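First up is the structure itself, then whatever we jot down about it.
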Amino acid sequence: MLDENVRMVVFSSAALFAFVTLFIIYFVVLYRNKQLKNKQEQEELHANFRQELLKTQLEVQEQTLNYISTEIHDNITQVLSFVKLTLGNIASGIEDEKKGKVIETRELVAQSITDLRDLSKSLSFEHIASQGLLRTIEKEVERINKSGLIEVSINQDGNSYSLGEQRDLVIFRIFQETLNNTLKHAGARHLKIMLQYHTDLFILTLEDDGSGFSAETLENKSGSGLRNIENRAALIGGTATIESSPGRGCNIKVVLNPLKQQPY
Amino acid sequence: MTVQEAVNFSLLIIVLGIGVVCYLKLTTPFKLLVFTVPVTILLDLLSKVSSHLYKTNALILHLECLILYIFYSSIYYYLFQSKTTKKIVLVSTIVIVGFAFFNGIFLQPAYKSFPSYLYMVTNTMLVGFSLLLFKQMLLYPVKINITGQGIFWYNTSMLFFSTTMFLNLGLTNYYSQLKFDQGIYYFWYGSYYILNILTGIALFSNYKEKNSKYA
């Protein structure tokens, strides 16, 4: 009888102990799930914040560029046009010896007006949107080739189509950034541009034969230029891969699915 | 001194050692927890002296129950974030102190009776507090792994100790009827071993927490 009672008591104690232990284990599992869920939510918030911040930065950049474009077009070119006109008037009333110099100066001013107009168009969002991506890049290539700084070739594979105004603009800015880097840092003689238009894939490839840079530079992404390229590509749902090594130039490839919906 | 008493005493000394070494880096509630250990040692010694001199340690047990409850509820006061819950802890402590005096004078005289009513009430309150704290931990999880959090180990120790003591008190009369005093003995000491071990882990975890990158 005593043994039976003791057994019952021991069983009750063990049952209580087991119950409390199971409760603790259940709590630990619940807690861990909550921690994971919180971590995921935080990461999502951070990602959204980063994207919003980037979007805002790019919008501010575009507004600034548009403003500069407008100022160049409305003010600077107007003033230069007036200077050109005035020089034309002066040329008609002076002797031959000095006339040549004045005409030469007038032509330089005319050239500046043309270059400034081209620059203004390349900065302006509306102009890019109306011309389309391919045509805008072609015009830019013409301008650079005319300058003689570098030889740029452009090739197209497939029938061109619009990626959407915003995406076209971002791709064009990536092209401008790459061109800027090539001219400023690479010391390249040739730049090849390839635009591949497939049904479910758009690929922009920019390859130069410049001095290239090491993987470490790429890791540190010195200057905001390379970082900007990757961020802009990510913003429109694409990916940018940058490959380079010292002495072997640089290859930048932007891949984008035109069918994929992206808020920006 | 029996083997069980020696083991318990050793555990208390080890926990006290951990508490003293880690004291400066502990948060306020855990600093209070360190103080419960020397208080327990002192009261245990007084209990032995009282048993030897007066053949009863009932008064010491009354005091021990009340003093340890005040300590543990103070620790919970610091751990709870909600102002309402803190007020509940504060009010309950005042009520329990009042009840302890009432119980010691009228219901279970402190000079001769074991304070079973007081133990039951205080343990019930501590179980309630531990469940509330578990709920708070779920609502506001932190980045640190749960097994590395001192608050988890302290709360677990309270839950274990309070529930087992509650059962132990419930079974005390039954054991006495069966003349199975050994049952009370082993159960009582088993509960204290778990409490002391988990207290030591809680103190060490709180010390490590403060040094972690999430502190």
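The lysines whose alpha-carbon is closer than 29 Å to the alpha-carbon of B:K25, local same-chain residues fewer than 8 away aside, are A:K34, A:K39, B:K83, B:K86, B:K87, B:K135, B:K143, B:K208, B:K210, B:K213. Sorting A:50-58, B:148-156 by their mean Cβ neighbour count within 10 Å, with the most densely packed peptide first, gives B:148-156, A:50-58. In the range A:21-154, the ratio of gyration radius to Kirkwood radius, Rg to Rh, stands at 1.44 when only Cα atoms are counted.
Distance between the C-alpha centres of the range A:82-106 and the range B:1-78: 105 Å, rounded to the whole angstrom.
Would you mind getting the accessible area per residue of the protein assembly as shown, heavy atoms of the protein chains only, 1.4 Å probe, in Å²?
56 Å²
Taken about its Cα centre, the protein assembly as shown carries a charge dipole of about 1900 debye when Lys and Arg each add +1 at the Cβ and Asp and Glu each add -1 at the Cβ.
When you work out D = kT/(6 pi eta Rh) for the protein assembly as shown at 20 °C and 1.002 mPa s, using the Kirkwood radius from C-alpha pairs as Rh and the Stokes-Einstein form, the result is 71 µm²/s. A full extension of the chain between A:I24 and A:T199 corresponds to an added length of 57.4 nm, given 0.36 nm per residue minus the alpha carbon distance. Here the range A:134-239 is treated as a Stokes sphere of Kirkwood radius computed over C-alpha pairs; at 20 °C and 1.002 mPa s its diffusion coefficient rounds to 147 µm²/s. For chain B, the Cα-based Rg and Dmax, in that order, read 17.6, 56 Å. Computed packing ranks the peptides B:53-60, B:30-37, A:97-104 as B:30-37, B:53-60, A:97-104, most packed first, by mean other Cβ atoms within 10 Å. Once the chain from B:L42 to B:K86 is taken as fully extended at 0.36 nm per residue, the excess over their C-alpha distance is 13.0 nm. Residue by residue along A:26-34, Cβ atoms of other protein chains within 10 Å of the local Cβ number 5 on average. Secondary-structure-derived ellipticity at 222 nm for chain B, considering helices only, amounts to -28500 deg cm²/dmol, per-run term -39500 (n - 2.57) for DSSP H runs with n ≥ 4.
Sorting the Cα pairs of the range B:86-146 by distance into bins of 5 Å, from 0 upward, gives 4, 16, 20, 18, 13, 10, 8, 5, 4, 2, 0 percent per bin.
Here the 3J(HN,Hα) profile of the range A:186-193, calculated from phi with Karplus coefficients 6.51, -1.76 and 1.60 at θ = phi - 60°, is 7, x, 7, 9, 10, 10, 10, 10 Hz, Gly and Pro shown as x. Ellipsoid semi-axes for the range A:1-96, based on the Cα gyration tensor and the rule √(5λ), read 91, 6, 4 Å when sorted largest first.
Measuring nothing but alpha carbons in chain A and taking Rh as the Kirkwood radius, the Rg to Rh ratio lands at 1.35.
At full extension, A:N33 and A:Q156 could sit 39.2 nm farther apart than now, given 0.36 nm per residue minus the alpha carbon distance. The 3J(HN,Hα) values that the Karplus relation (6.51, -1.76, 1.60; θ = phi - 60°) gives for the range B:46-59 are, in residue order, 4, 4, 5, 4, 4, 4, 5, 7, 10, 6, 8, 10, 4, 4 Hz. Gly and Pro appear as x. Note on A:36-45: average number of Cβ atoms from other chains within 10 Å of each residue's Cβ is 1.
The values are calculated or read from the model by the stated rules, or taken from the named source; none is laboratory data. This one's a predicted model, so the numbers in the text were calculated from it and none came from an experiment. Here the Cβ is made from the backbone with ideal geometry for all residues, glycine too, and neighbour counts use every protein chain on show. Areas reflect the complete protein model, heavy atoms only, side chains present, ligands, DNA and RNA absent. Shrake-Rupley method; radii C 1.70, N 1.55, O 1.52, S 1.80 Å.
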